[in-house]
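The values are calculated or read from the model by the stated rules, or taken from the named source; none is laboratory data. What you see is a predicted model; the values in this text were computed from it and never measured. Here Cβ is always computed from backbone atoms with ideal geometry, including for glycine, and neighbour counts include all displayed protein chains.
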Amino acid sequence: MTEHAELWAALAEELPAALALRRLLHTSPDLSGDESATRDAVLSALPAGLPLTKVAETGAVVRVGGPGPAVGVRGELDALAVTEATGVEWSSRAPGVMHACGHDAHLAALVATARAVHRMGGPRALLLVLQPREETYPSGAQDIVESGVLEAERCEAMIGAHVQPVLAPGVVACVPGGVNASADEFEITVHGESGHAAYPHLTRDPVLALSHTVVALQSVVSRSIDPMAPAVVGVSSLRAGEAANVVPGVATARGTIRALSTATRELLHQRVTEVAESVARAHGCEARVTLVKGEPVLENDPRLVARVSGLLRAHGLEVSETLRSVRGRLLLLRRADAVGHAVREDPDRLLPAQRPVPPQRRRRGPPRPRHALRLPRRLRRPVNQHRRSPADVDTRRSVASM
Ligand SMILES: [Zn+2]
């Protein structure tokens, strides 16, 4: 048996314990920033005596497999503020909190991997990165990187796997380059001069200026960005005035900017600012633009993807090469969709090392409870009934370089 085959077999032996740990973690979810209990439960399931560094307040980094260069594997500690309605025996006991994003499965898989490598040895040492605050910004990942622990531990590659309900069991999305879009927000405040709405010539109307700005912003992606570069600029919030007969002095818009490359992201920031300032000036007003940077583009390293893809295929998993999270608004829909799916259906079958379930077995089990999460009507359908193209599918952190 090759080294990898031995590890694969050792991992399979860990599955029953991983399933039990997943269910245990599922019963006691913690919200972002409050994950100490989950971290400690994971640590106590690991082999005793492993070198451990606590980091980012409620996180930890654990070394498995001796000194030297290491491969980091990330597992997220936090759950979501949603109410579970799966009806399973191991349902969440924390009111309004649920591991609906699959982080309990990630952690159980991480522990199984660590135990298998600890027992069998591996081609490289592993760094288990127990990351807090994945669901909020700034994320715990940023704190872990800034702490310097990864350099100190000689982490040379980082892998983050995430369950994805829109993929069939046994299929792994693993693509090089940009996978998840950067997610930034902007606020445009247009200052004019207020006055009576019956005397518009005596005012400088920020509402009209901002209305033109919203329309003009739609030309940023269509005329400033390469059609081959995915990008989104969207205004989602408008605020101005109180009375129907008063021109207000200020109008405000807020929106989102998404891009799949750093160059596109920077160009979008520049063009949104230029358009807002110029259009306001054309209407005798002044615009101030505030940009709030969120998560950067998630770029998968091509060499790591090539290596991982080969190993996945060698062990009988199907590798999808076309799935990406590209479209900002669709990303939100898919996330809501995925959450709705998880709230209704227990994801035990999504444990990474689990063999694909034959199609005729997938629909068995107790009837699904009705939805407890109040999703929009269009989302109250099984996930596989949504129209989608491969490019629509959110592959959040399927294989992630942090
Ligand atoms: Zn997640």
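When the range 1-27 is filtered for residues that are in contact with a Ser or Thr (Cβ under 7 Å, 6 or more places away or on another chain) and modelled with pLDDT of 95 or more, the ones remaining, listed by number, are L25, H26, T27. The sole residue among V179, V129 that is closer than 22 Å to V232 by Cα, touching a residue at least 60 places away in the same chain (Cβ under 8 Å) and crowded, with 23+ Cβ neighbours inside 10 Å is V179.
Within the range 197-242, being farther than 29 Å from K293 by Cα, touching a residue at least 12 places away in the same chain (Cβ under 8 Å) and part of a loop (DSSP other than H, G, I, E, B) holds for A197, A198, T203, D205. Among the residues of the range 283-320, the one identified as assigned to a strand (DSSP E or B) and touching a Cys at 6+ places or on another chain (Cβ under 7 Å) is V319.
Yes/no per residue for (1) surrounded by fewer than 23 Cβ atoms within 10 Å (Cβ to Cβ); (2) within 16 Å of the ligand (Cβ to nearest atom); (3) of a type in the set (G, A, S); (4) closer than 21 Å to A12 by Cα:
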position: L46; (1), (2), (3), (4): yes, no, no, yes
position: A56; (1), (2), (3), (4): no, no, yes, no
position: T83; (1), (2), (3), (4): yes, no, no, no
position: H106; (1), (2), (3), (4): no, yes, no, yes
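If you check A70, A81, A94 for being in contact (Cβ under 8 Å) with a residue 40 or more places away in the chain and touching a strand residue (DSSP E or B) at 6+ places or on another chain (Cβ under 7 Å), only one passes: A70. Taking every residue in the range 102-118 that is within 19 Å of V82 (Cα to Cα) and pairing it with any residue that is assigned to a helix (DSSP H, G or I) and away from the ligand (no atom under 13 Å from the Cβ), at least 6 positions away or on another chain, the pairs with Cβ-Cβ distances below 6 Å are D104/R22; D104/L25; D104/H26; A105/R22. All of R119, R115 fail the test of being of a type in the set (K, R), more than 16 Å from the ligand (Cβ to nearest atom) and out of contact with any strand residue (DSSP E or B) (no Cβ under 9 Å at 6 or more places or on another chain), apart from R119.
Within the range 66-81, the set of residues being of a type in the set (A, V, I, L, M) and within 16 Å of the ligand (Cβ to nearest atom) comprises V73, L77, A79, L80, A81.
Only one of V190, V166 is touching a residue at least 24 places away in the same chain (Cβ under 8 Å) and in a loop (DSSP other than H, G, I, E, B). Can you tell me which? Break it down into steps so the answer makes sense when it comes.
Working: V190 fails: in a loop (DSSP other than H, G, I, E, B).
From the options V190, V166, the qualifying one is V166.
Only residues that are over 18 Å from A280 (Cβ atoms) and under 35 Å from the mean Cα position of the chain (by Cα) were counted in the range 197-252, giving 14. Under the condition of being closer than 17 Å to E185 by Cα, under 24 Å from the mean Cα position of the chain (by Cα) and of a type in the set (D, E, K, R), the residues counted in the range 262-318 number 4.
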